[in-house]
1. Filter region 125-176 for residues that are closer than 22 Å to residue 79 by Cβ and of a type in the set (Asp, Glu) and give the result.
2. Looking only at residues in region 1-22 that are touching a strand residue (DSSP E or B) at 6+ places or on another chain (Cβ under 8 Å) and buried (at least 17 other Cβ atoms within 10 Å of the Cβ), which one is farthest from residue 67 (Cα to Cα)?
3. What residue, among those in region 1-23 that are touching a helix residue (DSSP H, G or I) at 6+ places or on another chain (Cβ under 6 Å) and of a type in the set (Val, Ile, Thr), is farthest from residue 169 (Cα to Cα)?
4. Return the total of residues in region 21-52 being over 15 Å from residue 120 (Cβ atoms) and not in a loop (DSSP other than H, G, I, E, B).
5. What do you reckon, is residue 55 small (Gly, Ala, Ser), in a strand (DSSP E or B) and touching a residue at least 24 places away in the same chain (Cβ under 8 Å)?
6. Say we look at region 68-96 and pick out the residues that are exposed (fewer than 15 other Cβ atoms within 10 Å of the Cβ) and touching a Gly at 6+ places or on another chain (Cβ under 8 Å); which of these is farthest from residue 137 (Cα to Cα)?
7. Mind checking which residues of region 97-139 are modelled with pLDDT under 95, of a type outside the set (Gly, Ala, Ser) and either crowded, with 23+ Cβ neighbours inside 10 Å or over 18 Å from the mean Cα position of the chain (by Cα) (or both)?
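The values are calculated or read from the model by the stated rules, or taken from the named source; none is laboratory data. Bear in mind the structure is a predicted one, so any value in this text is a computation, not a measurement. Methodologically, a virtual Cβ is constructed for each residue, glycine included, from the backbone with ideal geometry; neighbour enumeration extends over all protein chains shown.
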Amino acid sequence: MKTVKDYIRTIVDFPHEGILFRDVTTLFADPRGFRMCIDQLLHPYAGQRIDKVVGLEARGFILGGAVAHQLGCGFVPIRKKGKLPGAVISEEYKLEYGEAVVEVHDDAITAGETILLVDDLLATGGTAEAGIKLVERLGGEIMGCAFVVDLPELGGRKKLEAMGMAVHVLCEFEGL
């Protein structure tokens, strides 16, 4: 019987030499694999009060939208700077090679709403940390963070857990 990990393709030396890119598009393309992934992502949260799922750009939109649909709640995208119309709040974070900024609409989350954060991959945790900070600035309460893939060597899970976040991952890959 296949696992979610079996559907994920590894591409060597992408986007740079020495990187093993974990490509979830092969998982998304397979109806059984995609269904298994969504079911496993939302399973720990079934029956809990979740007001909105927040998805991180860009593959987190695919996963988060499907999870929100299954849970019967709203979906909120956190996007790269300059991609959202209307009033936004921003959060800067560090990348291996510089800095980036993510944004969310300033009215996307109401104070006290329970939020599940979803993305495809947890590496250093920088993007997820920025997303968490945006949600918290709007008064949302993060009840969990769910990812398909964790790269434990990069320390993202430890970073999020040190922030008090409950982290749910479907599989891990060693290496960068």
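1. 129, 136, 141
2. Within region 1-22, the match that is farthest from residue 67 (Cα to Cα) is 22.
3. Residues of region 1-23 touching a helix residue (DSSP H, G or I) at 6+ places or on another chain (Cβ under 6 Å): 4, 7-9.
Adding the requirement that they be of a type in the set (Val, Ile, Thr) leaves 4, 8.
Working: 4: 11, 8: 14 Å.
In this case the residue turns out to be 8.
4. Total meeting the criteria: 8.
5. Values: small (Gly, Ala, Ser): yes; in a strand (DSSP E or B): yes; touching a residue at least 24 places away in the same chain (Cβ under 8 Å): yes.
Considered against the rule, which asks whether it is small (Gly, Ala, Ser), in a strand (DSSP E or B) and touching a residue at least 24 places away in the same chain (Cβ under 8 Å), residue 55 comes out as yes.
6. Checked region 68-96; the qualifying residue farthest from residue 137 (Cα to Cα) is 95.
7. 97, 99
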